[in-house]
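Everything on this sheet refers to the single structure shown next.
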Amino acid sequence: MAGVSPSTLRLWESQGLIEPVRTGSGQRLYEAAHVERLKKISWLRTGKGLNPAAIRESLQQEAPEAEEQPRTPFGAGADIDAPIGQKIRQLRREAGKTLENVAAATGVSVSLLSTFERTSQGLSFKALHEVVNHFGTTLAILSGQEERNSGESLIRSGAWSNWPTTTSGVTVQILSEGKNQMECHRFVLAPGASSEGAYQHEGEEFMHVLAGSIEIVLDGDQFFELGVGDSFYFESRRPHSWRNSFAGETVLIWINTPPTF
């Protein structure tokens, strides 16, 4: 339909010129708007001799809406169990923004954003926070946590559901479901796992170490080493980063209030 080979489609996708819809199994789906975009790319490439960077710029200037086809608004009939990368892509399209727009606003590279939207992997904890915050939402909302029970919430030992796993070595288990005033989580950190940078948001935080040890850095120059049995409270608006400083696994209870992460 577009007059190009499958290998060319894959090449243009890797160059960030076309972004097909992905199913949960990774299959590419091309809509009518994608086919028209492919025809435009082909003409710019062969007819005008533009390189990929020039083609991207031309497409953004002439018809940025072609890439940003609106989808069903998130939370209004959308699949709450869809991969988080797919949800971020949906939010981006609804906002009428390109990958370049989001990259400029968050400091996360276009290649990382593109990979994350396709695979839900590859963003550090800090980068994920910046992206989610950019769209005015929270990970609790994107994980479907707030769509479940409200009021009382009983979760038996070991029956925790998890936040989407996006960062290697970081597992976040939900201890209290529903749209509540507190986000209660159990963090399990592999050796060396970290936030990979400082982030900040509104609210207050409390943590209690169950196993291992963790290093917390506030404001870039205040270091706190927490071991088993230690607790720590701080205001979330202060830039904070963290790292598992234990040779093994570190486990801690982590509470945010209000739910701004």
Selection count where residues are crowded, with 18+ Cβ neighbours inside 10 Å and either assigned to a loop (DSSP other than H, G, I, E, B) or not hydrophobic (A, V, I, L, M, F, W, C) (or both), scope the range 177-195: 7
Elements of type strands (runs of 3 or more DSSP E) in the range 198-261, at least 2 residues being surrounded by 14 or more Cβ atoms within 10 Å (Cβ to Cβ) and of a type in the set (D, E, K, R): 204-211
Subset of the range 73-96 [assigned to a loop (DSSP other than H, G, I, E, B) and at pLDDT 85 or above]: 95, 96
Within the range 18-44, considering residues that are surrounded by 15 or more Cβ atoms within 10 Å (Cβ to Cβ) and at pLDDT 85 or above, the one nearest to the chain's Cα centre (by Cα): 18
Some residue of the range 169-181 being charged (D, E, K, R) and at pLDDT 85 or above: no
Any hit, the range 136-143, residues being surrounded by fewer than 17 Cβ atoms within 10 Å (Cβ to Cβ) and within 18 Å of the chain's Cα centre (by Cα): yes
Checklist (1) surrounded by 15 or more Cβ atoms within 10 Å (Cβ to Cβ); (2) part of a loop (DSSP other than H, G, I, E, B); (3) among the polar types (S, T, N, Q) applied to residue 171, failing item: (2)
Those residues of the range 97-129 which are among the charged types (D, E, K, R), farther than 23 Å from residue 54 by Cα and outside any helix (DSSP H, G or I), in sequence order: none
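The values are calculated or read from the model by the stated rules, or taken from the named source; none is laboratory data. The structure displayed is predicted, hence computed values, not measured ones. Neighbour counts are summed over all protein chains in view; Cβ atoms, including those assigned to glycine, are modelled from backbone coordinates with ideal geometry.
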